[in-house]
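Quick notes on the structure that follows.
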Amino acid sequence: MNRNWQVVIGLEIHTQLATRSKIFSGASTSYGAAPNTQACLVDLGYPGVLPVLNGEVVRMACKFGLAVNASIARRSVFARKNYFYPDLPKGYQISQYELPIVEHGELFIQDDDGNEKRIGITRAHLEEDAGKSIHEGLDQYSGIDLNRAGTPLLEIVSEPDLRSAKEAVAYMRKIHSIVRYLGISDGNMQEGSFRCDANVSVRPRGQQVLGTRTELKNLNSFRFVEKAINYEVQRQIELIEDGGSVRQETRLYDADKDETRSMRSKEEANDYRYFPDPDLLPVEIEPAVVEQLRASLPELPGAKKQRFVREYELKNDDADILTASRALADYFEAAVASSSAQAQAVANWVLGDLSAALNRDSLDIGDSKIPASELAGLVDRIADSTISGKIAKEVFEAMWAGEGSADAVIASRGLQQITDDSAIEAVVDAVIAANPSQVAEYRSGKDKLFGFFVGKVMQQTGGKANPGQVNAILKARLGK
Amino acid sequence: MSLDKDQVQHIAMLARLKLADDEFAETVQKLSRIVAFVDQLSQASTDGVTPMAHPLNAIQRLRADVITEADDRDHLQQNAGAVQDGLYLVPKVIE
Amino acid sequence: MTAELHLLTLTQIAAGLRQSEFSALELTELLLRRIEASDQSLNAFITVTAEQAMQAAKRADAERVAGRGGVLNGLPLVHKDIFCTRDVLTSCGSHMLDNFVAPYDATVVERFANAGAVMLGKTNMDEFAMGSSNETSFFGPVRNPWDLERTPGGSSGGSSAAVAARLAPAATGTDTGGSIRQPAALTGTVGLKPTYGRVSRYGMIAFASSLDQAGVITRSAEDAALLLGVMAGFDARDSTCIDHPVPDYVAQLSGSLKGLRVGIVRQHFDAGLDANTALAVKAALDVLKAQGATLTEVDLPNLDLSVPTYYVVAPAECSSNLSRFDGVRFGHRAADPKDLFDLYCRSRGEGFGAEVKRRIMTGTYVLSAGYYDAYYLKAQQVRQLIAEDFRKAFSEVDVIAGPTAPTPAFRLGDKTDDPITMYLNDIYTIGANLAGLPAISTPCGFADGLPVGLHLVGPHWGEAAVLRCAHQYQLQTDWHLACPEAFR
């Protein structure tokens, strides 16, 4: 954070809606098909064809609006945004301009100081996605693939309420989490299902008037959002401090060079000439429909987090991470339900070893090699002292490798903890007998040697002795 | 109101229309004539009148989310001037 | 008998086929010969689909013999070249699309084909339907069968000329500002523009989406009713096509005009209306009165603003609708473009004719930053006022009657220098488009040897009323039967 400058950021998030067919045509929206095999007459803007609105798109937009406490427009209107570009087949994009479907929403993030902060959502409107230009391997040409053209997009526009790249990322993660909870988007950033533009400006602290902003285009990962904004903020501050001024322009973030640069192709005077699309009629949503949709909403991340803290007595941060993804939260709850251990212990395993293993193997929680009930079984064996936490890690890896449930692994590998006092005493006595000089040193005050004895006992029991009991018995036997 | 050459040039740019020189001069003159003609609208008093985008007071019908279109690329690309590997070709776009 | 087949209306042909007085193939071949013979003089067609027509006629005959077939089985008709026809050139009268083979059928084309109609070809038209004289066609002007030096009207000029010259008993057309009714008036044919939303626009190449409506040009109101019953109705592929019941228009033709309240618009007979045209129209009104209709004056105070309103709204929509013609996926593509901008500007600059370019530029201008409110928004408001005027008028009358066009057919070249003079041709017809109303033009006499049209406008969904009025008028008069000398 800079003491002299305040950063002002607004995000425009484009999220593809997870419909089967396109927003205005019956072509498939699935990703990765051969070029132009999912571009029908309507998507290609053929002469004479007309758009017909996909009802699911409207319902999805409403669900989003309700999830961010926004108002759902009783009547919204589609407009044409006119400009020429090869990935835009009709020469206009069907979007919403004056009367968007969702307005005046909000959500809450943690700001840089850890306090809850409200971020306003100006609006969310429906529009059609454009196609893609391909530049490689075509010599002096670009190739146009219009499979993506007409995929439904919800553009979510925030108020300029964000004050740092970190806040921007926190906000974007919240939106990402919400659309996935609602099941209205797969949120897949690699495939471009969830991407954003950032409007960034800086102003001297205390100044009311906003500085000149630049628009950073097409940021398709959380990391890039953070890096691009940080770079851009620094660039703007240095520019102004050197006596220059920021030019209002569109800039592209180059991830390879970690810098933003002006997009000259967008520099020519654009005049989008929005006007109501005469091929589409106003969309009306009855209040009863809105109420039905409201009743159908799942528990959302914010509410779920509150409940996890309340019901499971989880740490705030843990609840936050567990509820960021609905699948992860569901896994956690399933594990807690089949475990007799404390929920926090289950959370620790889900967020610790399990998350690490998933990460290592690039798996989603849904593809976890250990089902929730079996992870619960493992946590239970720690809780009932069958195994130690340390042994549990070995059991976990074996379970991950497919050796079966915790009980099966413990049995087959003979990892059951030794909790019989007399058995431990026997080992302790043997260790003391075998190391007289260390015993003498310890007794003369070299406390650090205690660990040596613990290690020896553990070594001789193959790590299976209950650590608490080992400590207690050693202390008693070594005396002092 | 009449249009000057710069305005007409700008409009032609927005509309992506290349006009030949003689055509351009005629366009400036005829567009000015048309604009002067439609300027009559300014006389109408329209305070508080709701703009009319559609002749009928109907609302948008919603389609079921169903895939109805199959791949017809080869047929549809027969009208295209330049295609390669299923892609429509345009002069290289630099971003 | 067979020598006179080309003079028959659709209704008469249907009866003749039913009674096996002739075959669909026989009729089709006759009309194809007539089309070929007139090609030099009229230039009414862009494409003649002779082979497909004969195949379709043979199929229709087989159906008929088998006692099957749709309501239009074996009836020949021609389509304005604005309707997409699968595997057939669909040029829209433009160089832009002079190589465009549509990969699909327009709903209108499909419905007629499914009903058994035989398509003979695609008719010439003003480029992208922008024009009132057919002179903007890339394929050259169509000539009026009544006087080859004169226009058949536009933009559906090929359709009106073909029907007037007895090359086809019926033709489809489209009407954005009068493009069916004005050519019908100028050629002594019947032209019907239905209520906006009555007929699907799917597959009809868009000019101005909120104004365009498909209709027909025929030689009788009865035929127009027959065709409307087939083409009208809900289409899931057009969001603006309304799911409104389709009555039996033919059945509703009967019934006298007694008690019918006919509104006369005073402004229609102001300066600007040709004196002999006025005489013919007034005489027609007298006929309606004699049939029991009551004539009352109605006021459309904002009517004089309809042309300027139209020339903002229509170009605005067209500027956007025609952006898809960029040389990439279909249509004319400039040779050797040096970059993307050049590809766009030259493909469009070369592909579009002068009038289309002017309208695109007018539309671009009225939508552009700084002018939107003064032009586009203002026009949308005035459009509301005009629609309101009609709503009020239709609370007092059942139909509004007047001239279709201010003059009879003018000479080719007479109005090409000044766009405004040309635009004012549509002064009586544009209101119905702005308000989305159904209207018909029916022949009502001659002025200086050229046909004059009587214009009848109805309230929304009032097609049956205007068709009945025109039909009852036709029962009392024979103007619609008049045939240009050279095409008997």
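The values are calculated or read from the model by the stated rules, or taken from the named source; none is laboratory data. Here the structure is a predicted model, which is why all the values come from computation and not from measurement. Note that we place each Cβ from the backbone using ideal geometry, even for glycine, and neighbour counts take in every protein chain shown. Surface accessibility is based on the protein's heavy atoms, side chains included, excluding ligands, DNA and RNA. Shrake-Rupley method; radii C 1.70, N 1.55, O 1.52, S 1.80 Å.
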Computed [θ] at 222 nm, helices only, for the protein assembly as shown once each DSSP H run of length n ≥ 4 contributes -39500 (n - 2.57)
-11500 deg cm²/dmol
Over the heavy atoms of A:Arg59, what accessible area does a 1.4 Å probe trace out, to the nearest 10 Å²?
90 Å²
Please give the FRET efficiency for C:Asp342 paired with B:Asp4, using the beta carbon to beta carbon distance and R0 = 35 Å, rounded to the nearest 0.05.
0.90
Helix B:21-38 vs. chain B, principal-axis angle (Cα, 0 to 90°, nearest 10):
60 degrees
Give me the residues in region A:39-76 whose solvent-accessible area, probe 1.4 Å, is reduced by at least 40 Å² once all protein chains are included instead of the chain isolated.
A:Leu41, A:Leu44, A:Tyr46, A:Pro47, A:Gly48, A:Leu50, A:Val52, A:Leu53
Pair C:Asp373, A:Asp420: separation of 7 Å Cα→Cβ label points (nm)
9.3 nm
As a test of reading the structure, rank A:Thr212, A:Thr461 by solvent-accessible area (1.4 Å probe, protein chains only), most first.
A:Thr212, A:Thr461
Taking the Cα centre of region A:299-413 as origin and charging only Cβ (+1 Lys, Arg; -1 Asp, Glu), how large is the dipole, in debye to the nearest 20?
180 debye
Going from most exposed to least, what order do A:Glu136, C:Glu463 have by accessible area with a 1.4 Å probe?
A:Glu136, C:Glu463
Protein-protein interface of region C:237-273, residues with accessible area decrease of at least 10 Å², isolated chain reference, 1.4 Å probe
C:Arg237, C:Asp238, C:Ser239, C:Thr240, C:Ile242
Express as a percent, rounded to the nearest 5, the fraction of DSSP beta bridges in chain A (both residues included) that run antiparallel.
90 percent
Ignoring ligands and nucleic acids, what accessible area does C:Phe128 show with a 1.4 Å probe (Å², nearest 10)?
0 Å²
Dipole magnitude of chain C about its Cα centre (Cβ charges: Lys, Arg +1; Asp, Glu -1), debye to nearest 20
560 debye
Output the 0 to 90 degree angle, nearest 10, between the alpha-carbon long axis of helix A:372-383 and the longest principal axis computed from the alpha carbons of chain A.
30 degrees
Along Cα→Cβ, 7 Å out, is where each label goes; now give me the distance between the ones at C:Val71 and A:Leu138 in nm to one decimal.
4.8 nm
Hey, with R₀ at 45 Å, roughly what FRET efficiency would C:Asp478 and B:Val49 work out to, going by the Cβ-Cβ distance, to 0.05?
0.50
Hey, what angle do you get for helix A:467-478 against the long axis of chain A, alpha-carbon based, 0 to 90 degrees rounded to 10?
30 degrees
Gyration tensor (alpha-carbon) shape descriptor, region A:5-292, a/c threshold 1.5:
oblate
How much of the accessible area of chain C, probe 1.4 Å, is carbon plus sulfur, in whole percent?
51 percent
Gyration tensor (alpha-carbon) shape descriptor, region B:33-95, a/c threshold 1.5:
oblate
Which of C:Val65, C:Gly436, C:Thr151 sits farthest toward the positive end of the charge dipole of chain C, with +1 on the Cβ of Lys and Arg and -1 on the Cβ of Asp and Glu?
C:Val65
Check: the protein assembly as shown dipole with +1 on Lys, Arg Cβ and -1 on Asp, Glu Cβ, in debye:
1180 debye
Candidates per trypsin sites (Lys or Arg not before Pro) in region C:311-341, loop by DSSP, up to 11 other Cβ within 10 Å
C:Lys338
DSSP-loop chymotrypsin sites (Phe, Trp or Tyr not before Pro) across region A:287-381, with at most 10 other Cβ within 10 angstrom:
none
Roughly how much of C:Glu149 is accessible, in Å² to the nearest 10, using a 1.4 Å probe?
100 Å²
What FRET efficiency, computed as 1/(1 + (r/R0)^6) with R0 = 30 Å and r the Cβ-Cβ distance, is obtained for A:Thr212 and A:Asn69, rounded to the nearest 0.05?
0.40
Once you order the gyration tensor axes a ≥ b ≥ c over the Cα atoms, which shape class does the protein assembly as shown get: rounded for a/c under 1.5, otherwise prolate or oblate by comparing a/b with b/c?
prolate
For C:Trp479, A:Trp400, C:Trp146, write out the residues from largest to smallest accessible area, computed with a 1.4 angstrom probe and no ligands counted.
C:Trp479, C:Trp146, A:Trp400
Chains B and C: what accessible area do they bury, summed, in square angstrom to the nearest 100, with a 1.4 Å probe?
5300 Å²
Check every DSSP H run in chain C and write down those whose alpha carbon atoms cover 18 angstrom or more along the long axis and whose mean Kyte-Doolittle hydropathy is 0.0 or greater.
C:24-42, C:275-290, C:306-321, C:354-367
If you count, for every residue in C:203-215, the Cβ atoms of partner chains within 10 Å of its Cβ, what is the mean?
3
